[in-house]
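S.K.: This is the structure I have questions about; it appears just below.
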Amino acid sequence: MHFSADHDALRETVRDFVARELRPHADEWEAAEGFPDSVFTRMGELGLLGLRYPEEYGGQGGDYFSAIVLAEEMARCGSGGVGMAISVHTEMATPPILKWGTEEQKQRYLVPAIRGERIAALGITEPDVGSDVAGIRTRADRVDGHWRINGSKLYITNGVRCDFILLVARTGSQEDGARGITLFLVDKKLPGFTVSRKLKKLGMHSSDTAELSFNDVEVGDDAVLGEVGQGFYNLMWELQGERLIGSAGSIAGAEVAFEETLKWCKEREAFGRPIGTFQVNRHKLVDLYTEITVAKNFVYSVAERWDRDEYPVAEISMAKLLVGRVTTQVADTCLQLHGGMGYMAETGISRYFRDSRLIRIGGGTDEVMKEIIAKTALGL
């Protein structure tokens, strides 16, 4: 069994919180293209931002499936951007602090992040560098006993609201490639750290996404996370967790869209009967249900290995690739089954159609996943 009685109790708690405090504001936050920082504070008060972090840092001491429960239930909030912003904070920007951070870094960044008092972002992508992480150009150079950071980052979730960023920067030469990269923890309040612009997106409207600039931002050696020059390899570990939790949340979103569409097909009548009673539509629903179930259970099987501290890179890439394909099909079919109403914003299906597309781009495109699978599983 993937979930225990404790997981079930956690699910009930999160579902109740989402229904009472998040779902009612979904339309408002979508229109405003942002949700209040108080959501982080509230979730910190409820202990939801540190579910699988040690109790000594304010966490709940749970396992990886506790994080999956949160990702799945956040998919019910009616706005994909909220769940994504929380996931970046809890499962992308902060896990490396626990794994490689000094005690001082954990107290300064991880503890307040778990309490929801400091919001985290992850800075990888650059204007000219997306999937080719080893080619990043943002630099951190040693100057007078400090690190001086110059460059920019693009498509950064929580970039507008963040208090600090886990920054990927080059400390070696461009020719060093993956060997010349280091991770830094950088406070947003530092001189030279600016939000160049808030970006408009196809979907995930309630999350803030930014382009960030670093102009002679100075940090000390205490800002280095892990070892100098080892950032690429540490980042590859982070990306596995990012892809896995993204897959879990995305397939949960597909399940929610399916549930809403199934209800619609039972109630909506055409030609004198519910549209779900037509064989062609029944078969479409069966296909979606089957694909969702298979993808979800594959994600669970990979999550079990990740929870055992295994490193199933190929399988995580397969999970993300599979989930991306399934969610795309679910989004398109569910919208089609809603007919003209599916094209209207009021149903939520059109929002899901836009939000769901990101899983095939963010955290590594489909093409990158295929290359990883080819190399790690097929030896090609």
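Quick note: the coordinates plus some simple rules give every number you see, no bench work behind them. Fair warning: this is a prediction, and the values are worked out from it, not measured in the lab. Reconstructed Cβ throughout: ideal geometry from the backbone, glycine too, with neighbour counts over all protein chains shown.
S.K.: Scan [x] 0.94; [y] 1.00; [z] 1.70 for the value of Cα Rg over 2.2 N^0.38 Å calculated from this model and give just the label.
M.R.: [y]
S.K.: Another one. Can you find, among I361, Q279, G379, the residue sitting farthest towards the positive end of the charge dipole of segment 246-380, where Lys and Arg contribute +1 and Asp and Glu -1 at Cβ?
M.R.: Going by the charge dipole, the pick is Q279.
S.K.: Which of the GluC sites (Glu not before Pro) found in segment 50-126 are in a DSSP loop and have at most 14 neighbouring Cβ atoms, other than their own, within 10 Å?
M.R.: Here the sparse-neighbourhood loop sites are E117.
S.K.: I need the calculated FRET efficiency for the pair K189 and T277, taking r as the beta carbon distance and R₀ as 45 Å, to the nearest 0.05.
M.R.: Between K189 and T277 the formula returns 0.15.
S.K.: What is the sum of charges, Lys and Arg at +1 and Asp and Glu at -1, for the other residues whose Cβ falls under 14 Å from the Cβ of V186?
M.R.: +1
S.K.: Putting +1 on Lys and Arg Cβ atoms and -1 on Asp and Glu Cβ atoms, find which of F17, L46, T90 reaches farthest to the positive end of the dipole of segment 5-119.
M.R.: Selected residue: T90.
S.K.: Indicate the gyration tensor shape class of segment 5-119 (rounded, prolate or oblate), computed on the Cα atoms with a ≥ b ≥ c the square roots of the eigenvalues: a/c under 1.5 is rounded; otherwise a/b larger than b/c is prolate and the rest oblate.
M.R.: Oblate shape, in that a/c is at least 1.5 and b/c is the bigger or equal ratio.
S.K.: For a 21 Å ceiling on Cα separation, which of these pairs sit above it: K153/K188; K320/K370; K153/K296; K153/K375?
M.R.: The answer is K153/K296; K153/K375.
S.K.: Here is a follow-up. In nm, give the distance between the simple-model label positions of Q329 and E45, each being 7 Å from the Cα along the Cα-to-Cβ direction.
M.R.: It is 4.4 nm.
S.K.: Quick one: length gained pulling K370 to Y233 fully straight, 0.36 nm per residue minus the C-alpha distance?
M.R.: Result: 47.4 nm gained on full extension.
S.K.: A follow-up question, please. With θ set to phi - 60° and the Karplus curve 6.51 cos²θ - 1.76 cosθ + 1.60, what are the ³J(HN,Hα) couplings of segment 19-32 in order, to the nearest whole Hz, using x for Gly and Pro?
M.R.: For segment 19-32, the Karplus-derived couplings read 5, 8, 10, 10, 3, x, 9, 4, 5, 4, 6, 5, 5, 7 Hz, x marking Gly and Pro.
S.K.: To continue, here is another question. Which GluC sites (Glu not before Pro) from segment 139-231 combine a DSSP loop assignment with at most 14 other Cβ atoms within 10 Å?
M.R.: Loop-located and lightly packed - E227.
S.K.: If R0 is 22 Å, what FRET efficiency do you get for T13 and K263 from their C-beta distance, rounded to 0.05?
M.R.: Here the calculated transfer efficiency is 0.35.
S.K.: So for R139, R268, fewest C-beta neighbours within 10 Å to most, what's the order?
M.R.: R268, R139
S.K.: Tell me, in nm to one decimal, what length is gained between L202 and K99 on full extension, where the rule is 0.36 nm per residue of separation less the Cα-Cα distance?
M.R.: Net length gain for the segment: 33.7 nm.
S.K.: About its Cα centre, what dipole magnitude does segment 214-254 give when the only charges are +1 on Lys and Arg Cβ and -1 on Asp and Glu Cβ, stated in debye to the nearest 20?
M.R.: 420 debye
S.K.: Check every DSSP H run in the chain and write down those whose alpha carbon atoms cover 27 angstrom or more along the long axis and whose mean Kyte-Doolittle hydropathy is 0.0 or greater.
M.R.: 313-337
S.K.: Could you give the longest part of the chain that holds none of the chymotrypsin sites (Phe, Trp or Tyr not before Pro) found in DSSP loops with at most 15 neighbouring Cβ atoms within 10 Å?
M.R.: Between exposed loop sites, the widest span is 4-270.
S.K.: For segment 121-228, what does the alpha-carbon gyration tensor say about shape, rounded, prolate or oblate, given a ≥ b ≥ c as the root eigenvalues, a/c under 1.5 as rounded, and a/b over b/c as prolate?
M.R.: Here segment 121-228 falls in the oblate category.
S.K.: Spin-label point model (7 Å from Cα, Cβ direction): what's the Q107 to V294 distance in nm?
M.R.: 5.3 nm
S.K.: Suppose R0 equals 45 Å. What FRET efficiency, 1/(1 + (r/R0)^6) with r the Cβ-Cβ distance, do E117 and A5 give to the nearest 0.05?
M.R.: After rounding, the FRET efficiency stands at 0.90.
S.K.: Which percent, to the nearest 5, of DSSP beta bridges fully inside the chain are antiparallel?
M.R.: Taking every DSSP beta bridge within the chain, about 85 percent pair in antiparallel fashion.
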